[in-house]
Amino acid sequence: MENVNMYIPKVIQKMANVFRTIFKTVFGIGILSIIFIILLLLLFQNSAYSKEMSASFYVTKVVDGDTIWVSGKGGVKQKVRLLCIDTPESVHPKEHKNTPLGIEASNIAKEKLLHKYVKLEFDTNFYRDKYGRWLAFVWYDGICYNQYMICIGMTTYVTKYGISNKYDQGFRGAEQFAQNMKLGIWGTTDPRYDYLKSGFENPYITAILVGIILFIIYQIGVYINEKTKV
């Protein structure tokens, strides 16, 4: 038992040494470069690409309440995932996951967008997702479809790809209105919609939290390492 107790501090000390080496390298050699890169990223984020595309796009197909197909110049078709919203399932391969509100959201998309010309607008540095879909806001008749769906409770204000640089306050207000009026997903206790109400965490906040946790682990390791030397 005594050997085990002697071994544990040595393992912790080795971990502390690893973290000390990492942080010395980062903070001792590259701190100015890192600060410069972070500042550039922040500036780029604040001036994110937010531009309404000059051409109109024709909606050829509605997949569900938050995904459509459009046809642009030359007849080239493109799948579009609508930013900041995530409507309930309606076309999931597993039938039991499809919901009445999902079908309603899909029908709303068909009513407002299908076989109509719309404007697309990007509002994030990441204008394509990993599936190659465009990430955009859709405008019809001067109305932002994304905000409309949040306002009637078909979705929460989703920040999976980061908050909206341009419409953050408007989307938050729309979500608050839907909650207060108990519209859509906010007016039901059906557990199938609970995952939507929880929303998504901002990826930038997640990265910051991970950095803070690593720093705390490093500090604990340094403290234990100093104590074992006494």
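Listing Leu82, Leu183, Leu135 from fewest to most neighbouring C-beta atoms within 10 Å gives Leu183, Leu135, Leu82. Normalised by 2.2 N^0.38 Å, where N is the number of residues, the C-alpha radius of gyration of the range 51-199 stands at 0.99. Residues of the range 133-167 falling in the label zone of Leu183, defined by backbone nitrogen less than 11 Å from a point 7 Å along Cα to beta-carbon, are 147-155. In terms of other Cβ atoms within 10 Å, Ile150, Ile85 run from fewest to most in the order Ile85, Ile150.
Projected label points at Ile217 and Asn165, each 7 Å from Cα along the beta carbon direction, are separated by 3.3 nanometres. Ranked by the mean number of other Cβ atoms within 10 Å of their residues, highest first, the peptides 86-92, 110-116 come out as 86-92, 110-116. Taking each of Lys61/Lys97; Lys73/Lys197; Lys130/Lys166; Lys110/Lys197; Lys73/Lys94 in turn, the alpha-carbon distance tops 30 angstrom for Lys73/Lys197; Lys73/Lys94.
Normalising the Debye intensity of the range 57-125 to I(0), with uniform scatterers on Cα atoms only, and taking log10 at q = 0.15, 0.18, 0.26 Å⁻¹ returns -0.50, -0.69, -1.15. Taken one residue at a time, the phi angles of the range 65-81 give Karplus couplings (6.51, -1.76, 1.60, θ = phi - 60°) of x, 10, 9, 9, 10, 10, 10, x, 4, x, x, 6, 9, 9, 7, 10, 9 Hz. Gly and Pro are set to x.
No lab work stands behind these numbers, since they all come straight from the coordinates. Every value quoted in this text rests on a predicted model; they were computed, and no experiment measured them. Note that we place each Cβ from the backbone using ideal geometry, even for glycine, and neighbour counts take in every protein chain shown.
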